[in-house]
Each structure stands twice: as C-alpha cells, then as structure tokens.
Amino acid sequence: MTAAAPARFDFHRPAAVAEAVRLLAEHPEAVPVAGGTDLMVAVNYRLTRPEAMLDLTGLDELRDWTDEGDTVRIGSGVPYARITAELAAVLPGLAAAARTVGSPQIRSRGTIGGNLATASPAGDAHPPLLATGASVEIASTEGVRHVPIGEFYLGPKRSALRPGELITAVTVPKAAGPQQFLKVGTRNAMVIAVCSFALALDPETRRLGTGIGSAGPVPLTAPDAEAVELPWSDPGRFDDALADEFGRRVAAAARPIDDVRGTADYRRHALAVCAARALRRVWTAAHERNPR
Amino acid sequence: MPEPATPTPPPWAAGGVGHTPAPAARPDAAHEHAAPPAADTGPRSSATGAGPRNAAAHSGPRSGADAPHRPQPPGEPAAAPRTGAELPQEPRPPIGPPSPPASAAPTLDGEAAYRTRTSAAVPANAVTARPDGTVGQSPIRPDAEAKVNGTFDYASDLAFDGMLWGHTLRSPHPRALIRSIDTGPALALPGVAAVLTAADVPGKLHYGLIEADQPVLAPGEVNYQGEPVAIVAAETLDLARRAAERIAVDYEPLEPQCDPSEAVEAGAYFRYQPVRVGDPDTAEAAVVVTREYEVGMQDQAPLGPESGVAVPTGGGLVLHVATQWLHSDLEQIAPCLGLEPERIHLEMAGIGGAFGAREDLSVQIHMAMLALRTGRPVKMMYDRAESFLGHVHRHPARMRYEHGADADGHLVYVKAHIVLDGGAYASTTEAVVGNAASLAVGPYRVEHASIDAWGARTNNPPCGAMRGFGAVQTCFAYESQMDALADALDLDPLEIRRRNAIARGDQLITGQVIDAYEPDPAAPADPDRARPFSPLADLLDRFTDLPVPPVPADRDIVELPGGTGNTTHGEGVRRGVGYGVGLKNICYSEGFDDYSTARVRLELGGPEHDGEPVAYIHTAAAEVGQGHWNLQTQIARTELGVRHVVLLPNDTKIGSAGSSSASRQSYMTGGAVKAACEAVRDLWQDRDLADGPIEATRVFRHRATKPMDPVTGQGDSHVQLALCVHRATVDVDVELGLVKVVDLTCVQDVGKILNPVALEGQIHGGTAQGLGLAVMEEIVTDGGRVKNASFTDYLIPTILDMPPMRLRIVENADPEAPYGLRGAGEPPTLSSTPAIVAAIRDATGLPLTRVPVRPEHLTVRRPS
C-alpha cells in the first residue's frame, strides 16, 4: 500500500520510552503507531494523514507483561493474542475480550495500548478494564501518571491522553472471582461489537464490577446494577427475577444510538440479556467453586 | 448474465467486434486448416525437431517419430502404425520458422490466409497445465499453485514502466446538478499529468451493457452517490487522490428519488414485464396466503478490487482488465473513446472474484482516456470503499405475493407484484426483470398466474448482475409462500413441494415446456412409473436418507450462536430446520444470440512435452475463480486423447466467449472447446502431426430462445433450467436474535459432473453467498447514500458462519448440452437463503418476511 501513503511524512523509531516521549514533546504532530490496526486503516481510508509517525515497535519495555502480585502490569505494546494465550487464568474477562478482537492476524498485531489510545466506544478491551478497575499508565517528559480507567474515556475516540503523552501500560487487578465478557455481533466472528458487557465478581468483598461497550459515547459502567442486592447468605435464592433486574439496570445505564450496526432498542435489549446471563454465570461459578 | 429484454437483439449482441468472426455470415464458423508451425520463440523455443530425437526419447504407440501422431480417443484401440515404407523418405524439416501463409498446407475452407496469422509464438503468459485430468476428474487447477503461493498476478498487481496512477472523483450527492467544475487547483499540483471531465470524453458520452445510458463522466448532473465526475492521472496514487480532492465542483443538490415503488408509480422504470396465464381472479382456492417480502441490497464483494492498466500504443491502446466479458467491454469502450475497435486490444488481467460485479465497466474507459491524453500507461485501482461505490449491486426487491391452493395443497393460482430497484442507470436491469417475472413462481405447476414485475429507476446505487440474477429475490418470496401454505394446511414442507413439483411435459407460467431431462439411469426408479419424471421430486426424495444432524452434547462456544462473543452457553438456543428450492435459468435468455468461440491447435511438442502432441486452446472466456481454465484442459484431454494442454491468454484476438456469468461457461465455452477439439480430431485422422499443426476454430451456440411477450410474458425464453434444494439446520439464540447455521445439506442436479472438486467449490460458494443474504449481507442506504462501504460493516460470512456441507449431486442429463451438463454456479445461491430463513422461522415462530434477517428482527423490532 505504499502508493496510498502520504507523499512525505516523518517516521521516528525510538529505542526507549524516554526517547519516545522526548520525540513526542519535540514533534507533537507525530502519531504513535504500534500494530497499526486502527491507524493504518484510517490512513488507507484517508480519514487521517499523519505528518509524522512514532513507531513504538522498537520499545521492548512496552512489549511484555509483569506479575505485580495483586495486579498484572500489561505493557501497552502487548498484542491481544498474547493476552488470550497467557493471561486467561488471572485476567479471564480481559482474555475473553481479547479473543473476540478481529481476526487472528489483527490479534497478533493489535495492542491493548492501541485500543486505549483510539478510545473507540466499541473497543473490546474497555468493558473488562472498567469492570476490574484498571489503571492506565501514561508517560511524558514530565514523568509518569496513572489514570483510573473510569476517568480515562472522555468522549467518542477522546481520552485523557494529552499531547506529548504516551500510554506505556495498563495495570489490571487479578481476578478475585469469576468474570464474564459477552460481545454481540451480527457475525459469529471477526465483528465490531453491536454491544458488549463485562462483569467481574469478587466474592470476598461481595462486589460486582461492570463495563458496557458500544452502547454510549464512551465505554460505561452500570453503578446501579453493581449495587444490586445479591443473596450472599443463601446463594440458592438467586433466581431469574434477580438476574433480569440486574439486566434491566445495566440496560438503563446504556446510552446507545441507532447506527448501521444495530438499533438503540436492540442494544438495550441485548445488554439486558447479556447482563442477566453474565450474572447467572458468575454467581453459579462462584458457588460451584466455593460451595458454602 | 445480461439477457436483452427487447425482441430484437441489441447491436452488441449481433456477433462482436470487427475482428470477431461474424456469426451470421458463418453459421458454423468452422475454419479449419493445417496451420503453419509456430514460430520458434517462446516457451517452445527448444522444440526444433520432431523427428528422430523424439523417436529416441520415446517408446509406445503415441510418441516417437515412428508412430504417427494420431488421435486416440480413450477406450479406442490405437490406430495401427504405418509401416516404415509409408514414412516420408526425406528428412522432415524441423518444426521451426513458420511458412508464409500462402504456402501453408491445403486449406479445407479457403480461409487459411485469414486464420493462419493466429498461429504464432506462445506468449509468456500462456498457462501450461499439469499433464493429467479428463472430464469427470479433478486435476489440480493450472492457476492453483500461483494463487496459493501468492505469485498469481491479479489486476491490482500490474505495473508498467513510466506508469501513471489514475483516480476518480465521485459525487458525494445522490442527485445534483453540476453548475461548474474547476480543475485548475488539481492541475496546479506538481506531478499531476491530466484532469479530465465529461467535456474531455473523446467519443460517445454514455455506455451500458444493454442500454447505453450511463455517462462516462457526469455531464452536468449526477444521479447517484459515487457517480464519476472527473478523473486524474498523476505520478502516484496518493497524489492523484489529493489532486482529486482539489477539483472544485459546484453542485446544486436536488431531492433524490429513493423509493422504488414511488418511482414505478411515477413511470420511472427500466422495464415492466407482466406474465399472464389462466384466470387467477376467478380460480377458486381453499386456502389463500398473502404476504409482502423484502430483499435488501446485496453486494458481490469480490476480494480483488476493480483495477487495470491502459497502455497506449501507436494510435491505439492495450487494456489490461479483469472483466467477465472482454468483448462486451470492448464494444462499450471503443465508441466512448472514438476509436475503431480494431485499435483497442483487451488482455485479461488476473481476476480476484467477480459474481456479476465485473460485468459493468468500471476503470476501463477512464484509464483509457487518461492514457490517450498523457501518452503513458495509466493504472487505476479502487480501494475497498470506492469498490463498493464503483460497481453495481444485487437489486433490492419488494414483493407482494398471493398464493391460492386447494385443500390438498395443490397450487391453484399465484399473483405477484414485484418491484426491483435498478438504481440510477440501466445496467442489466431489463434482463433481471425478465428473470424475476418468468421464474416468479419457481419450479411449481400452476395453471393461473398473474405476475407484474418492474425494474425501477431511482437515485439509489445502480444495481445489475449478481449471482442468481433476478431469480434470487423471487425465490425467497415463493419459497416463503410455499412454507406459509404448508403451515396453513399442516403439511410437511417437502410434501407440499412434492405435490406441486413440475414434471417433464409441464409448463412454466411462460408456457415453456419442461424438457431436456434424461433421468440418471443409476437412480432408483420412481415406483409410480405412470407419473412423468419430475426433476424436482427426484431431488426432494433424496433427503429421505439424509437425516437432520443431531445436537452434539458438549459444544464449544464457537459452535453456538454468537461464537467467540461468548453470548450463549446454550441459554436461549432453539433449533430449527427449513427447506428451500431454487429454479435458475442457465445461459442467456429471451432471444439473445448467445455464443462462444474457441480455437484449438494441436502440434507436436518439444522435449519439455516429451515430444507428445500439445493442444493449445485460445478463448476469451474469463477465469473468475470458478475453474474454467481447468475444465478447458480436461475437455481437450478427453476429446483429443492428449496429455499436454497450454492455455493461451484470454484476449480479444479471438472471437467472443460471452460472459462468465449465467452459469454458462461450462456449457458455452466448454461446448466451443469441445467442438473445436472434435474438429481437430477429425482432421487428425487423415494427417500426421509431424506435417504441421492442426487447428480449428468453432463457434458454439445453445438452442435458440424467444423473447417474452410484452403483454402476456409467454414464450420459450430460457435455454436450460437448473434446480437446487437446500435443507438448513440452524441454532438460534432467540433472546439475542443471533443465528448459527449448523448444517446445510444440498441436493443439486448438475446434469453431468465435469470436475467434482470445482463443482463442490461452486456449491459451497454459492451456498455461502445465499447464507450471507439470509443473515448478514446488506448495503445499507439512507437517502441514496451508502452507509457501510467497508468490510468492517458490510459483513460477509466467515468460516465460523458457514457450516460444513453435505452434498448429494444428481446427474439427470440435459441431452441438449455438452456432456449433458447443467450450469451449476448460481442455483445454490437461490435456495440456501429461503432454506435458512425457513429454519429460523421454525426456531422462532416468527414470520420473517425480510432478508437479511437481523438480530433486532428476532427480538425487539419485528418488521413483519
């Protein structure tokens, strides 16, 4: 596709994060690129024409994940394929979401950092990051700051990332209980979400975490649903009515629109169904695992 | 696929361009003669002798100089070798430089001078097939290796020295007047070689497959979003695109007409075709089912984008194009360029899928104009978004059907009101309407019918040819109606179809009698021998030993609706089963002069061919991925008894092959190659190949058809009919409206299996395209604007959506057709859609009158 590329643009390839953020400070017009699965599509569709690119693939610091005890720190350059293959035991929600991204080729190229930087409401990683209370690590020449995931998304494809800043990692708490991720699409694979839902259950703290994708201008949580009363003292009292109530509250938290992928009504309906199923599944799993 | 609707064939139907043998003048166009030996260049350049060296290299009856090179049809004993005394005593001249035509061997028809010029060097891009595989076998395709290892040259891979890139500026408006165009800012960019508008079109301003109504470049108004307005040539593609953005077009937007029914009311339509038989208004029915159906706009979605290169020559052009029909392209291109057709040579470029999308012109005239203006080769290549705007789609349809049946489920009458949206320009809408009307009730016997079919003119994207061609839309409606009748009468869906199945001697609603069926002698005999043979009942009966697959116990989520989306672990999943039957016409209908041309030359090969005879085949038939090249080699091996076959490039140096569409190339170009081989074989009986090559050209025609009567629709309009039956088994998550098709079982009558692997590929692919229409594929428009011109949002089935298939292939031969074959590429596309929707109805209990069925149709918003 060289013929489709701009006639002329600068290409930077730093070898370290410090160099990368220095280059970003010097060249605020430079667009970071890792897998290119968002950016290069936009370039090919001539939706954007970067004057400069900052190639992140030379930054080994971004390309691995580390076990930090209660959390996992995932470098922003880790591709979805590795999250699915390597982190399913500790981050089952995120791993399940990563499995639904695009095709095998896209999952090998596309990175979690790119998903965050693009900040599309349809990005598959967002709901599980919201449900688990992740934190985004952002570097600049000013230093490193950590943004709670709930404060990261500001609007459609807008995030808390400022000019000159680079996402270096996302820190995700390890699963304290069962997690679920459900994604609705009009095809059985390789599809942008019509809507999606992530749920994390922590039986110790008796807390639920939620994340809603593709049903609002930004990825959303459903605080009212998280506050649903669960029968912890008598797990057998969990019933369909409770699951459905949870689903209704999730649907109520969504702010969907009609578009070519689906209608707002359908998105609300599907979220209610998915949320009810997710709650049933995590509840069942929690009590199968810990029969009390 | 275009079948002209007018009683008189359109001018382009009459027999091709100037250098095509005019069929009318030479009814059988048999130009056979002993061609001079080929020039000593090209791949065969080492073939310098056919004498003793060959004898040394070979033994056995068919090779070696001692044995004359004679035809040996399979199964026949070899001709007795001539004795040595009969052999020429003088050393033979080597097979070397060609003799002048005047001194060629005696001619049979006095046309040697005309023909012999064609026997020349084998071009470097000729395709040499592996030396095995006859009709009925599945040799490895000659294009397989290159396509698998990535070395096949698709049209988008072409490159020439000094080449410019072309780009098209398209209208953002579905309808607007063009007040002015200022190309100055674009021309001012360094590296821009030309910017052309309608004012620069050298010849006729319009082109079209049937009716020349589509502007080369918009001359003062645009009628659909994406209509070409100006073209640019520049040093790079990116520069051409940026230059196009700088062309200042002053549009005056107008209110677009986007409602096809309103357009028809207003008299804006390309064709109206009624069919009238019997008296449906007075016929008495015990049960009546009336429904309205809708079919969305499907796209062919070929993976290879439109692309080509125009290379200027002294006073003319060579166009490298990926098209379904070279000669039709040429006839449309030449008048617009103001050039004699003889000055334009078309060479087929590698085709990355077609499905009807490459019948209409795309880049052809534009790149030719830019090449003529700049004097340099010009390449054009659409990106995916432009491709969606730059080719026609399948006609969306709105259909109101009324079926009346007696208490036993026998059809009494059918009434149908069918509106197809042709969009802004004619393309093949006329012929699509003819198919929709003539096949409107499917393969069922009914005495009373009243059908009205229109092809509307709107400001929506132009629609034209796509696999199934007008038969797909009505098939969804009539099959849904058959199921509705079965429901009303509490009949099994197979049984109601069996009771109404057409049989030999029955008539379609057009009056055409069902003939040309010779039941497979290997098939079990009908217990009711008094009943005429029904090709449909025969297929339906085959399902009795094809049980519906059981529900597996432990399933991975990828086997469930929603797939890796993890939406169900079994929650809300219900199974459904449904049937669909499709009836498709094969070849061009309605009086069209449909023919194909093939030239076959047989000569002794060099050492690389072990000195054996080599058949060179030259046609203009497009290999669109269906495997037609391979079939040609199989036919040559079968008819000539040779092993080695070389396919010469498809181009306009040979007469027209017609289009690779309407499931017709096996029949038509297969028929032409077979006829040419037979002619060569006959000549070979009396001649030794060592004396020189033998060559024959044949034009093949199918039996004649008639136009449909414009008032009654009556007439034997179709050549051949083909049937396919699908049974779909689906799992539906009824709470989320997600569908997983878990099994598709297909019974199809192909007359004769020519290549099992290619045939299965056609059935799988056609079925998948029908699946796409059933549950996901639709170009969504809003006010004439396309909303999903990308593979992100125009979804086609993945391997996880398309189940493994079970096939039962039936061979009820057509005695009129070569080898008894029946066209096979399109019928599965018809029947898989209604089968899948019937299965979803079975699972959900919903009426489902629109395709594609979307998740919201099964849950929150039910359009029916």
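The values are calculated or read from the model by the stated rules, or taken from the named source; none is laboratory data. These numbers come from a predicted model, not from an experiment. A quick note on method: Cβ atoms are made from the backbone with ideal geometry, for glycine too, and the neighbour counts reach across all protein chains shown. With ligands, DNA and RNA removed, areas are computed over all heavy atoms of the protein, side chains included. Shrake-Rupley method; radii C 1.70, N 1.55, O 1.52, S 1.80 Å.
In what sequence, highest mean first, do B:699-709, B:461-471 appear when ranked by Cβ atoms within 10 angstrom?
The packing order, highest mean first, is B:461-471, B:699-709.
What whole-number volume per residue, in cubic angstrom, does the convex hull of the C-alpha atoms of segment B:732-864 give?
Enclosed volume per residue, from the Cα hull, is 144 Å³.
Assuming a ≥ b ≥ c are the square roots of the Cα gyration tensor eigenvalues, decide whether chain B counts as rounded (a/c under 1.5), prolate (otherwise, with a/b larger than b/c) or oblate.
Oblate, since a/c reaches 1.5 and b/c is not below a/b.
Please report how far the C-alpha centroid of segment B:339-409 lies from that of segment B:711-748, rounded to the nearest whole angstrom.
Using only Cα atoms to place each centre, the spacing works out to 26 Å.
Need the full-extension length gain, A:Ser108 to A:Glu26, defined as separation in residues times 0.36 nm minus the C-alpha distance. One decimal, nm.
26.5 nm
Size of the dipole of chain A about the Cα centre, Lys and Arg at +1 and Asp and Glu at -1 on the beta carbon, nothing else charged, in debye to 20?
760
If you place +1 on the Cβ of every Lys and Arg and -1 on the Cβ of every Asp and Glu, how big does the dipole about the Cα centre of chain B come out, in debye to the nearest 20?
1140
Carbon and sulfur together cover what percent of the accessible area of the protein assembly as shown at a 1.4 Å probe radius?
Its accessible area is 52 percent carbon and sulfur atoms.
Largest first, please: the extent of the C-alpha atoms of segment A:2-55 along each principal axis, to the nearest Å.
Dimensions of segment A:2-55 along the principal axes of its Cα atoms: 32, 20, 16 Å.
In segment B:830-858, what residues drop by 20 Å² or more in accessible surface going from the chain by itself to the full protein assembly, probe 1.4 Å?
B:Arg854, B:Pro855, B:Glu856
Suppose each label sits 7 Å from its Cα in the direction of the beta carbon; what would the B:Glu145-B:Glu340 distance come out to in nanometres?
Placing both labels 7 Å along Cα→Cβ, they lie 4.3 nm apart.
Highest mean first, what order results for B:841-854, B:503-516, B:652-665 on Cβ atoms within 10 Å?
B:652-665, B:841-854, B:503-516
Quick one: which residues, 5+ away or cross-chain, put their amide H under 5 Å from the amide H of B:Thr458? H built at 1.01 Å from N.
Answer set, sorted by chain and number: B:Gly422, B:Gly423, B:Ala424.
Taking +1 at the Cβ of each Lys and Arg and -1 at the Cβ of each Asp and Glu, which of B:Ala657, B:Ala285, B:Leu640 sits farthest along the dipole of chain B towards its positive end, judged by Cα position relative to the Cα centre?
It is B:Leu640.
Buried accessible area for the B:A pair, summed, 1.4 Å probe, in Å² rounded to 100?
When B and A are taken together, about 3500 Å² of accessible area is lost.
Dipole size in debye (nearest 20) for segment A:2-55 around its Cα centre, Lys and Arg Cβ +1, Asp and Glu Cβ -1?
Magnitude of the dipole: close to 160 debye.
With each label point set 7 Å from Cα along the Cα-Cβ vector, what nm distance links B:Phe533 and B:Ala199?
It works out to 6.7 nm between the two label points.
When a/c is below 1.5 the answer is rounded, else prolate if a/b is larger than b/c, else oblate, so apply that to segment B:594-748 with a ≥ b ≥ c taken from the square roots of the Cα gyration tensor eigenvalues.
Cα axes put segment B:594-748 in the oblate bin.
Be a star and scan segment A:14-37 for residues whose amide nitrogen sits under 12 Å from the point 7 Å along the Cα-to-Cβ vector of A:Ala52.
Flagged as within label range: A:14, A:20-32.
Calculated FRET efficiency, A:Arg145 and B:Gln137, Cβ-Cβ r, R0 60 Å, to nearest 0.05?
0.30
As I understand it, the dipole of the protein assembly as shown uses +1 on the Cβ of Lys and Arg and -1 on the Cβ of Asp and Glu, about the Cα centre. Which of A:Trp283, B:Val222, B:Pro827 lies farthest toward its positive end?
Selected residue: A:Trp283.
What is the angle, in °, between the Cα long axis of helix A:264-289 and the longest principal axis of the Cα atoms in chain A? Nearest 10 is fine, range 0 to 90.
The helix A:264-289 is inclined about 70 degrees to chain A.
If you count, for each residue, the other Cβ atoms within 10 Å and average over each peptide, how do B:189-198, A:74-83 line up from highest to lowest?
Highest mean packing first, the order is A:74-83, B:189-198.
Between A:Ala18 and B:Leu800, what is the label-point separation in nm under the 7 Å Cα-to-beta-carbon projection?
4.4
For a label point 7 Å from the Cα of B:Ala248 along Cα→C-beta, name the residues of segment B:173-192 whose backbone N is under 17 Å from it.
Answer for segment B:173-192: B:178-189.
Let me confirm one metric for peptide B:566-578, namely the mean number of other chain beta-carbon atoms within 10 Å of its residues' beta-carbons.
Per residue, the number of nearby Cβ atoms from other chains is 3 on average.
So what is the 222 nm mean residue ellipticity for the protein assembly as shown from helices alone, if each DSSP H run of at least 4 adds -39500 (n - 2.57) and you divide by all residues, rounding to the nearest 500 deg cm²/dmol?
Roughly -7000 deg cm²/dmol at 222 nm, from the helical runs in the protein assembly as shown.
What is the mean number of Cβ atoms from other protein chains located within 10 Å of the Cβ atom of each residue in peptide A:267-277, rounded to a whole number?
4
Ignoring ligands, DNA and RNA, what accessible area per residue does the protein assembly as shown give at 1.4 Å, in Å²?
36
Over the whole of B:788-798, what's the average partner chain Cβ count within 10 Å per residue? Rounded to a whole number, please.
So the per-residue partner count for this stretch is 4.
If you average 1/r over every pair of different alpha-carbon atoms in segment A:179-289 and take one over that average, what Kirkwood value in Å do you get?
Here the Kirkwood hydrodynamic radius works out to 14.1 Å.
Between segment B:646-692 and segment A:237-292, how many Å separate their Cα centres?
64
Decide, for segment A:60-173, between rounded, prolate and oblate: order the square roots of the alpha carbon gyration tensor eigenvalues as a ≥ b ≥ c, take rounded if a/c falls under 1.5, and otherwise choose prolate if a/b is larger than b/c, else oblate.
rounded
Quick one: net charge around A:His12, please, counting Lys, Arg +1 and Asp, Glu -1 for every other residue with C-beta under 13 Å from its C-beta.
-4
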